[in-house]
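To start, the structure itself, in structure tokens.
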């Protein structure tokens, strides 16, 4: 066999064995590939199942939390109150005739969610275009904070809300709220009071209403925005307007530091009107913080001067030691304990009880006081409610002051109105007891019937003493210092009081606290009117005593309000006949 043939044979054999091995390897690789594919398929199925299970668990948790949130109560945080408290209503306050003194109006407040604010600087600049008085620095601080809620401005006007909405600032929103509105402004501010930014009563009858359970209900979250039953007061808004006008004018015209007046029903104790000036607008109470917030009628105490002589003479008459026709020696000053008691309008003669009242004699009054023991004197004033804290609905009531120990000189000075400081309102209440038959009736700012008044009334003096005091009031109104308060047809009587002010521990004769307690009509008194003016620099005719300052206040109030109160004028037989013929 040639070399070439041998080479061809070997090549063919090699090729054959190679094809056999390749076929065998190919069949093995196919079997291996089929095993790997199956494993990959199984693994993919397990992965998909795991993903389905994971998604099922995640959405199950989300669904469960949504259900939980649906049943959960809203959480309260320090930065925002729940909606029901923000919308909680207060009852309307009405006068005795149904006129609105205070009511709720719907409004909105501006808030921000700082985490949603895109550009703080831009947001502040835009807000200032609507709210020009917005504190830019404080607002920037709030919007830059990490909190999720910040108040920016409470109680916006509808126009402001519309303008801010038009700015389109992300993260800015509004919450509905209730704002308290007082249609009469300052007319009855010290009686009605005011509320704070969260609609809570801060003074006056607003605070009284909260004290009757409204505040407790609000704290428990039991209030709502549903209308509440209105609260009706004893105030007559028509008379209140008159009293407010007259008092404000007197304070300005007589250049006084302050002034005030009250109209009181002597049979029921109802306060028909009361004003203290300076005052404030309850719609903007912060503007009256300096002088206006103080209700001087019930929360200010003053030495009431010679008005206290009414109580001293009533004490002497009621004790039985003094008769209305008795006379007392007032020719010489009275010296006691190193002090000398003088009369401002001294007559240097014996004075009857009526003359003591008419001439406002310190000497005569002191001698009547000396006929009663010091303990009995103190007990009598206590019985009239002049030495204890007055009980009424207004929260602003001040405790009277008196000497820690009553000595002989204290009794004398207290007899004519120095040494005891009490409130004008409780002086008026005690004055009503002198003319209504002798019954002390706690004052009220809520309606009260005569039957209800009988249940709370206390007899403090004898009916005959009350009759004698009515005579003295009228006598002084006709012939004495009360002449300037006379109103034709309405028979006004009363007692003036001019007390020197205590400045740096000493009485200053240049500065006075003037008061006048009056009643009308004196034939059968229905109302007591008390006025005061503090430190007047002038008065009618240039005088600064009570007869020229405090009495004109009462005169103007009665002249304008008596017809409204239903008091019919009496001009005597001749005058009435003329009216009939007319």
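Values quoted throughout were computed directly from the atomic coordinates according to the rules given, and no laboratory measurement underlies them. All of these numbers come straight from a predicted model, not from anything done at the bench. Neighbour counts run over all protein chains shown; Cβ positions are idealised from the backbone, glycine included.
Approximating the spin labels as points 7 Å out from Cα along Cα→Cβ, the residue 371-to-residue 138 distance works out to 6.5 nm. I'd like the orientation of helix 3-71 relative to the chain: the angle between its Cα long axis and the longest Cα principal axis, in ° from 0 to 90, rounded to 10. So the helix axis and the longest Cα principal axis differ by about 10 degrees.
If neighbour count is taken as other Cβ atoms inside 10 Å, put 406, 293 in order from fewest to most. Present the calculation step by step, with values, prior to reporting the outcome.
Values: 406 16, 293 20.
Fewest-to-most ranking of 406, 293: 406, 293.
Quick check on the chain: helices-only [θ] at 222 nm, where DSSP H runs of length 4 and up contribute -39,500 (n - 2.57) each and the sum goes over total residues. Nearest 500, please.
Numbers: 19 runs with 240 residues, N = 582.
Value at 222 nm, helices only, nearest 500: -13000 deg cm²/dmol.
Relative contact order of the chain: 13 percent, from C-alpha pairs under 8 Å at least 6 residues apart in sequence. Helix 158-167 and the long axis of the chain differ in direction by around 20°, with both axes built from C-alpha atoms. Between the beta carbons of residue 196 and residue 483, assuming R0 = 51 Å, the FRET efficiency works out to 0.60 to the nearest 0.05. Between residue 347 and residue 452, the simple spin-label model (points 7 angstrom out along Cα→Cβ) gives 4.5 nm. Counting 0.36 nm for each residue step from residue 524 to residue 255 and taking away their Cα separation leaves a gain of 93.3 nm.
Counting pairs of alpha carbon atoms under 8 Å apart in space and at least six apart in sequence, what relative contact order in percent does the stretch 477-563 give? Reported relative contact order: 29 percent.
In nm, what is the difference between 0.36 nm times the number of residues separating residue 181 and residue 62 and their Cα-Cα distance?
Numbers: separation 119, 0.36 × 119 = 42.84 nm, distance 4.65 nm.
Answer, rounded to one decimal: 38.2 nm.
Placing a pseudo-label 7 Å from each Cα along the Cα-to-Cβ vector at residue 155 and residue 286 gives an inter-label distance of 1.0 nm. Net length available on complete extension from residue 166 to residue 121 is 14.4 nm, with 0.36 nm assigned per residue and the Cα-Cα distance removed. What is the helix-to-structure angle for 374-383, meaning the angle in degrees between its Cα long axis and the longest Cα principal axis of the chain, kept from 0 to 90 and rounded to the nearest 10? Once rounded, one gets 50 degrees.
Per residue, the average separation of C-alpha pairs within less than 8 Å and at least 6 apart gives the stretch 240-573 a relative contact order of 23 percent. Once you have a ≥ b ≥ c as the square roots of the Cα gyration tensor eigenvalues for the stretch 397-438, tell me rounded if a/c is under 1.5, and otherwise prolate or oblate according to whether a/b is larger than b/c. It comes out oblate by the Cα gyration axes. Shape call for the stretch 240-573 from the C-alpha gyration tensor, a ≥ b ≥ c root eigenvalues: rounded (a/c under 1.5), prolate (a/b greater than b/c) or oblate? Rounded shape, in that the Cα axes give a/c under 1.5.
In terms of the Cα gyration tensor, with a ≥ b ≥ c the square roots of its eigenvalues, is the stretch 138-180 rounded because a/c is under 1.5, prolate because a/b exceeds b/c, or oblate? Intermediate results must be reported in sequence, preceding the final value.
Working: a/c = 2.21, a/b = 1.41, b/c = 1.57.
Cα axes put the stretch 138-180 in the oblate bin.
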